[in-house]
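The values are calculated or read from the model by the stated rules, or taken from the named source; none is laboratory data. This structure is a prediction, so every number in the text was calculated from the model and none was measured. Cβ: placed from backbone, ideal geometry, glycine included. Neighbour counts: every protein chain shown. All accessible areas refer to the heavy atoms of the entire protein, side chains included, with ligands and DNA or RNA removed. Shrake-Rupley method; radii C 1.70, N 1.55, O 1.52, S 1.80 Å.
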Amino acid sequence: MTTTLSPKAALTAIEVVRQHFAARLAAAQESPAIAAELENILALLAGVDFTRPDEKHLKASGHPVITQLRQVGAQSSASSATQAIFDAFLPHLDALPWRYSYEPRPDAPDIGQRMAWAELVGPIAPFHSHQVCLGLTAIGSGLLYPLHYHPAVETYLVVSGTAAWTADGLTRQHPPGTLILHPSNIIHAMKAGDEPLLAVYAWTGDVETLSAYVDDIGP
Ligand SMILES: [Fe+2]
């Protein structure tokens, strides 16, 4: 396990995700909305300057969610489609810039210790962009990520762990390999199952405005 993420390792992991998105697009089995957004994400990533990483965002965070993800490691439920992504990130879990930046909420006092995200591309990330974000979201087993919304268009790729995903009042179980599109400002939530959820996310559109919780905790 590494404690600092080298720019090369970060780039390798990003490239694995890019290749996965490109392959999904080429396979032409996604909905038109998801295909259009994958195309948008890939075009925006192609415009990111990957030659000048901001290394202050490549330091280990020591977030407790890492311990859970590492325990999952060997017996991960990553699908064959997402195993390459899981494998690309697994050796670097300690070194990713995990953070949790919502205000505390009294109905979920320990949530900031049990979920986090690590952004690799974005406004506050090793590779700067004000047009696209790319990172990982990790949610500890059994934890509800309460109902929230944001103006950015969000695409998730489930890497490992089947969770209950709610959007616009509808809840579905999504296994590894699923692509999920959250249109701008849709209210959504996720509840991890027995295994922690690890998912890649991408944001486009207004990537500067932070996500906000709604008052209800969720489904
Ligand atoms: Fe979201």
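In region 154-185, what count of residues is obtained for those that are touching a residue at least 24 places away in the same chain (Cβ under 8 Å) and more than 18 Å from Pro32 (Cα to Cα)? Give the steps one after another, and end with the answer.
To start, the set of residues in region 154-185 that are touching a residue at least 24 places away in the same chain (Cβ under 8 Å) comprises 154-166, 171, 175-177, 179-185.
Narrowing further to those that are more than 18 Å from Pro32 (Cα to Cα): 158-166, 171, 175-176, 185.
Residues that pass the stated criteria total 13.
Quickly run through region 10-65 and pick out the residues that are among the aliphatic types (A, V, I, L, M), free of Cβ contacts under 8 Å to residues at least 24 places away in the same chain and outside any helix (DSSP H, G or I). Reasoning before the result, please.
Here is the first cut: in region 10-65, the ones among the aliphatic types (A, V, I, L, M) are 10-11, 13-14, 16-17, 22-23, 25-28, 33-36, 38, 41-46, 48, 58, 60, 65.
Subsequent filtering for residues that are free of Cβ contacts under 8 Å to residues at least 24 places away in the same chain retains 22-23, 25-28, 35-36, 43, 46.
Across region 10-65, the qualifying residue is only Ala28.
Kindly indicate which of Ala118, Ala138, Ala189, Ala163 is open to solvent by less than 10 Å² (accessible area, probe 1.4 Å), within 12 Å of the ligand (Cβ to nearest atom) and aliphatic (A, V, I, L, M). Working first, answer last.
Details: Ala118 fails: within 12 Å of the ligand (Cβ to nearest atom); Ala138 fails: within 12 Å of the ligand (Cβ to nearest atom); Ala163 fails: within 12 Å of the ligand (Cβ to nearest atom).
The unique qualifying residue is Ala189.
Identify all residues within region 148-159 that are over 16 Å from Val121 (Cα atoms) and within 10 Å of the ligand (Cβ to nearest atom); write none if there are none.
Those that are over 16 Å from Val121 (Cα atoms) and within 10 Å of the ligand (Cβ to nearest atom): His148, Tyr149, His150.
Test Ile186 against the criterion of being farther than 24 Å from Glu30 by Cβ, hydrophobic (A, V, I, L, M, F, W, C) and over 14 Å from the mean Cα position of the chain (by Cα), and give yes or no. Talk me through it step by step, then tell me what you get.
Values: farther than 24 Å from Glu30 by Cβ: no; hydrophobic (A, V, I, L, M, F, W, C): yes; over 14 Å from the mean Cα position of the chain (by Cα): yes.
Answer is no for this residue.
For every residue, the table says whether it meets (1) closer than 19 Å to Ser101 by Cα; (2) modelled with pLDDT under 95.
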{"position": "Pro123", "(1), (2)": "yes, no"}
{"position": "Ser141", "(1), (2)": "no, yes"}
{"position": "His148", "(1), (2)": "yes, no"}
{"position": "Val158", "(1), (2)": "no, no"}
{"position": "Gly161", "(1), (2)": "no, yes"}
{"position": "Ala167", "(1), (2)": "no, no"}
{"position": "Arg172", "(1), (2)": "no, no"}
{"position": "Thr178", "(1), (2)": "no, no"}
